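Here's the structure, in structure tokens; my notes come after.
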Amino acid sequence: MAQADKLKQKLTKNVSEHRAVHALKCLRRVWYVGMRHEKVHTNNPFFKMGIKSLKRRQKRWSEEEIATFVRQADKLGYEGIGTMALLCWHMCQRPGDMRQLTWSNYVDGILRFDQEKTGSPMSIPVTPLIAERLQTIKRSPSTDCIVFYGKTGKPYDRRLYNDHAKNIRRAAKLDDELKLSDLRRTGATEMANSGCTDDEMRSVTGHKTRDVLGIYLVLDENAATNAMSKRFG
């Protein structure tokens with residue numbers, strides 16, 4: 001139990017409370033499977049840890065915050081993180097997928113790739129802002145990845161890009177609760193507020209069902225205003 005508690009504290013500190021809760025739930029289930037198949041013979045250390053269901057995350061970035069973040073990233077020499085942020089926002093994708101994009105994924109103004117988490121094949125036209133960014137950024141001599149750390153020329157791993165994003169947020173005096181992963185939710189919500197259909201949104205986000213897509217959307221006053229305008233307009 002003590003080791004399980006330490007793991008929870010470490011994951012919460014180094015990653016997030018959400019990641020810690022999800023990881024412990026998975027470990028608790030895996031341990032029970034092991035007990036059922038007689039692979040482990042001790043009580044489940046992840047049982048009765050007081051793991052509560054967390055509220056659905058609703059954090060979003062404003063356009064001003066995104067612009068400030070990208071400017072600060074470029075200023076500090078973290079151009080790759082600035083590019084990743086714009087890709088996550090405009091393309092409504094996870095940071096993990098955007099950091100692994102290669103130039104071979106970008107052909108004739110379209111990004112084609114398979115999502116790492118679901119395997120969903122994506123084919124998304126880039127926006128003018130993304131096209132301009134990709135045209136002007138430097139390329140690494142040692143990797144084909146679009147996003148890389150300028151000082152080493154190497155691609156980002158999860159820990160390094162999170163560390164650099166934290167440095168950028170703090171230098172820019174932005175809310176430290178803003179995560180790069182929140183940019184996917186921000187973009188998806190903007191699509192919903194602009195009147196995109198469920199199928200149109202899912203063609204960009206890669207979600208297989210409307211129920212799963214709904215986890216990312218934050219339907220706010222803007223969505224309600226658009227709905228009333230369409231109804232009575």
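Quick notes on this structure:
- Straight-line reach from residue 10: taking Cα to Cα under 16 Å and skipping same-chain neighbours fewer than 8 places apart, the lysines in range are 25.
- The mean sequence separation of alpha-carbon pairs under 8 Å and at least six residues apart, normalised by the residue count of the chain, gives a relative contact order of 20 percent.
- Cleavage-rule hits, trypsin sites (Lys or Arg not before Pro), the stretch 20-56, DSSP coil, Cβ neighbours within 10 Å at most 14: 39, 48, 52, 55, 56
- Straightening the chain between residue 55 and residue 197 buys 48.5 nm, computed as 0.36 nm per residue apart minus the Cα-Cα spacing.
- Fraction of the pair-distance distribution of the stretch 144-196 above 15 Å, Cα-Cα pairs, percent: 61 percent
- Per-residue 3J(HN,Hα) values for the stretch 107-119, derived from phi via the Karplus relation 6.51 cos²θ - 1.76 cosθ + 1.60 with θ = phi - 60°, read 9, 6, x, 10, 9, 10, 6, 9, 5, 5, 6, 10, x Hz in sequence order (x marks Gly and Pro).
- Neighbourhood charge, 12 Å Cβ-Cβ cut-off, centred on residue 59 and excluding it, Lys, Arg +1 and Asp, Glu -1: +2
- Toward the positive end of the charge dipole of the stretch 106-233, with +1 on the Cβ of Lys and Arg and -1 on the Cβ of Asp and Glu, the farthest Cα among 140, 180, 214 is that of 140.
- Under-20-angstrom lysine pairs by C-alpha in the stretch 67-211, whenever the two are 8 or more apart or on separate chains: 13
- Taking a ≥ b ≥ c as the square roots of the eigenvalues of the Cα gyration tensor, the stretch 50-141 is oblate, since a/c reaches 1.5 or more and a/b is not larger than b/c.
- Between the amide H of residue 148 and those of 80, distances stay under 5 Å, these residues lying 5 or more places away or on another chain, with hydrogens modeled in the peptide plane.
- In a fully extended conformation the segment linking residue 144 and residue 177 would gain 8.7 nm over its present Cα-Cα distance, using 0.36 nm per residue.
- Springs between Cα atoms under 10 Å define the GNM used for the chain, and in it the highest mean-square fluctuation of 61, 89, 31 occurs at 31.
- GNM result for the chain, Cα springs below 10 Å: residue of 145, 26, 88 fluctuating most strongly: 26
- Two-site label geometry, residue 12 and residue 103: point separation in nm, points 7 Å out along Cα→Cβ: 4.6 nm
- When the GluC sites (Glu not before Pro) in the stretch 47-152 are filtered for DSSP coil states and for at most 15 other beta-carbon atoms within 10 Å of their beta-carbon, the remaining sites are 116.
- In the chain the Cα-Cα distances spread across 10 Å bins starting at 0 as 7, 27, 31, 22, 11, 2, 0 percent of all pairs.
- The H on the amide N of residue 122, modeled in the peptide plane, is under 5 Å from the matching H of 113, 114, 115, each at least 5 residues off or on a different chain.
- Compared with the alpha-carbon gap, the fully stretched path from residue 208 to residue 120 is longer by 30.8 nm at 0.36 nm per residue.
- Largest mean-square fluctuation among 87, 183, 11, in a Gaussian network model of the chain whose springs join Cα atoms under 10 Å apart, belongs to 11.
Values quoted throughout were computed directly from the atomic coordinates according to the rules given, and no laboratory measurement underlies them. Just so we're clear, the structure is a prediction, and the values are computed from it rather than from any experiment. Note that we place each Cβ from the backbone using ideal geometry, even for glycine, and neighbour counts take in every protein chain shown.
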